[in-house]
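Working notes, structure below.
Coordinate-derived values only; no laboratory data. What you see is a predicted model; the values in this text were computed from it and never measured. Here the Cβ positions follow ideal geometry from the backbone for every residue, glycine too, while neighbour counts run over all protein chains shown.
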Amino acid sequence: MYSDLTFDFETRSDIDLKKRGVYNYMASPNTQPLMASYKLNGGPVRRWRPGQPCPPEIVAHIEAGGMVSAHNAAFERLLWQMVLTPRYGWPVARVEQFRCTAATAAAMALPRSLDRLGDALGLTVRKDKEGTRLIRKFSIPRRPRKGEDPAGLYWNEPEDHPEDFERFHDYCDVDVMTEAEADTRMVPLSADEQSVYVVSEIINDRGIRIDRRSARAALVLAAKAKAILDRDMRLATGGYVKKCTEPGKLVEWVNSQGVAMGSAAKAEVDALLELDDLPANVRRAIELRQEAAKTSVSKLQAMLDRASADGRVRGTDIYHAASTGRWQSVGINKNNMPRPRKEFEGVALEPLFDAFRAEDPELLPLLYGPNLGRPLHLISDAIRGFILAAPDHDLVQADYSGIEGAVIAWSSGEDWKVKALHEIAADPSKPDLYRRTAASIMNTTTDEITKKHPLRQSVGKVSELALGFGGGVSAFYSMSQGYGVKLDPLFEPVWKTATEERREKAVKRYESCLKRGDSKADVLSREAWLACELIKVGWRASNPAIASGWKLREQAMREAIQNPGTVTRTLKFEYIVAHGYLWARLPSGRCLAYGAPRLTDQVWAKRNVDGEWLDSEVMDRLIAEKLALKGEVKIEGATSPRISALGVDSVTKKWRRFGLYGGLIAENDTQAVARDFLVNGMRKAEAASYPLIGHVYDELIAEVPRGWGDLAFFEKLICELPPWGEGMPLTAGGFRGKRYRKD
């Protein structure tokens, strides 16, 4: 156990924490601590309020290098460093002295929020639900009363509401007790992972600089452009639709023109614009809706809202937000910036930003043409460029090349692919992996599948990105959508090169999926579905070790659950069930956690649909037995039990049970291993004086003095393998420049 000071503060401020972020919140001169509750080394809960000196036991603890624990500890740390020390005389506390129990929970696949964590752990002390009311009462400015200055700043003062304020401190006490009890029930971060948390906080503290002048101008430009689009919409629809932001009216008008339109959702708008016989006025109205619906400009407002006085946005990444250990980008969400259009490639950024600052929406089409020069699209294309290096500094960025595909091949023992990746890294002129994959699936050669051949992208790239984790037709379809690949034209070349046996099996599977209404058989055309299925089969045949690796992982995990306390091994992974968790040990030594693992009996069974028995499928035994009694299912025999565990739902954030299968297990450990290589690169960069200011999935961004450092060195540096990564084909490519971009 740590020698810990467990802390919780309640504060008040005039800054909207959700909108402006914690760094601006703490920087406000109107931010004040209202109270604190704390426990030192497991002792009783004690209290502090402003006007009192910092308790001497806290001073001694901090000066001795003691640790401070808090839930979402960045808040307490920044309050301590930005408010308590400079304004209240508290001792200086270093970032290394803080540990976060929310991070500990996340690393154990538990909910980050304290109330849900209490529910998940079944704590005896739970977060007080009344806290929300009291926070609204004391932590947020109240409205001016009659006779008060409408522009003034007013609060519900503690002395005016002594009973509620005492209740508020009770709430703070309960939070500390909840955090402390939760801490005793969880496995703390390892020393190695605690150091990763510290590096993450240091990067958050540095922040990324925003080109605020250009962002403000671009928002003005966008508003003017939207006004023009609204005018054109009125002209196109004869005044029926007055604004592009009236989707309901647009749908009504389009239907009145004899064109069926169910909604103005992006997918339906895109589908309508592909029609050859769309009336010109309807096409124009839908195009206007499509252009005006660009939402990425909202990121500009988020950048401005969250920028500190020095123009830097801080605190953009949450450590261990995903169960695999990956970060989540918050605020401006660097992880979800739009991909530029293909025609944007090669556009010089500085002249473009000069044009943005002119705030004239009619200038851009003159400079860049009517298609590329659409203002809202251009702002979206260039959104990354609003992240700007400090004066006399450059950004140095490098992105690991195809790291997930490399990891799954390396970890599964797909030796031909690992060898190929090493060959390509040594000699980039050799056929790349997408060409090799497409050639293998299409039963041809890389002489035929050239770099410019359409099947390199549509078959080679999409299959490599979509099929590594057990995905099938649905996965290939989803990935093809993202890359604009049309599936129907793939049928003829794919069908032509497939063996008769594969064709027959694909047709049989299509008919079965169509009857069941699954695997997109009821969405795609027969030809498109068969093309996807045959590509899937071809990819798996080309990657037998990866495909068999899904089953090996699942079986090893199943054996670990059947034999608690016994280590099972497969490929580069180890599994053990202990302390109510299934632990998956990665090559780095870090473990992924799966809560309360369970096995559920399964059977092969046939469903009766409209009097016809479909092909056998796997079902939970209890469900199958109930349906069998009704004559709806015919059980044919037992199969391997289903694995399930508890984890945090990515949407609801609730702790729930979910199924685990080979492909998902492989996806989790691949993401986790890729993350560990990223961490290794982070440490290499920091040690070599390349201070990191951000990271996005598998890329690192450093900010260095102009004229210092070298891009090629940085790319090579972050690919230096740790001892546990021997043999991994790790490469990176990037850029050096003033503005951030997608290279």
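See the values below:
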| read-out | value |
| --- | --- |
| Around Asp149: net Lys/Arg minus Asp/Glu count, Cβ-Cβ under 15 Å | +2 |
| Distance (nanometres) between label positions extended 7 Å along Cα→Cβ at Asp649 and Val618 | 2.4 nm |
| Aspartates and glutamates with Cα under 12 Å of Lys342, excluding same-chain neighbours fewer than 8 positions away | Asp381 |
| Burial ordering of Asp698, Asp669, fewest other beta-carbon atoms within 10 Å first | Asp698, Asp669 |
| For the range 42-92, convex hull volume per residue from C-alpha positions, Å³ | 93 Å³ |
| For the range 638-675 and the range 432-509, distance of Cα centres in Å | 27 Å |
| Violating pairs (Cα-Cα greater than 27 angstrom) within the set Lys266/Lys551; Lys417/Lys451; Lys451/Lys508; Lys508/Lys551; Lys515/Lys626 | Lys266/Lys551; Lys451/Lys508 |
| DSSP-loop trypsin sites (Lys or Arg not before Pro) across the range 547-634, with at most 14 other Cβ within 10 angstrom | Lys630 |
| Span from the the range 42-121 Cα centroid across to the the range 573-595 one, whole angstrom | 29 Å |
| Proximal lysines to Lys224, defined as alpha-carbon separation beneath 16 angstrom and excluding residues fewer than eight positions away on the same chain | Lys242, Lys243, Lys294 |
| Sequence-separation-based contact order of the range 260-381, relative, with Cα cut under 8 Å and 6+ spacing, percent | 20 percent |
| Coil-residue trypsin sites (Lys or Arg not before Pro) of the range 376-459, DSSP, other Cβ within 10 Å capped at 11 | Lys451, Lys452 |
| At R0 = 30 Å, FRET efficiency that the Cβ-Cβ distance of Glu359 and Trp708 yields, to 0.05 | 0.25 |
| Expected 222 nm ellipticity per residue - DSSP helices of 4 or more, -39500 (n - 2.57), all of the chain, to 500 | -13500 deg cm²/dmol |
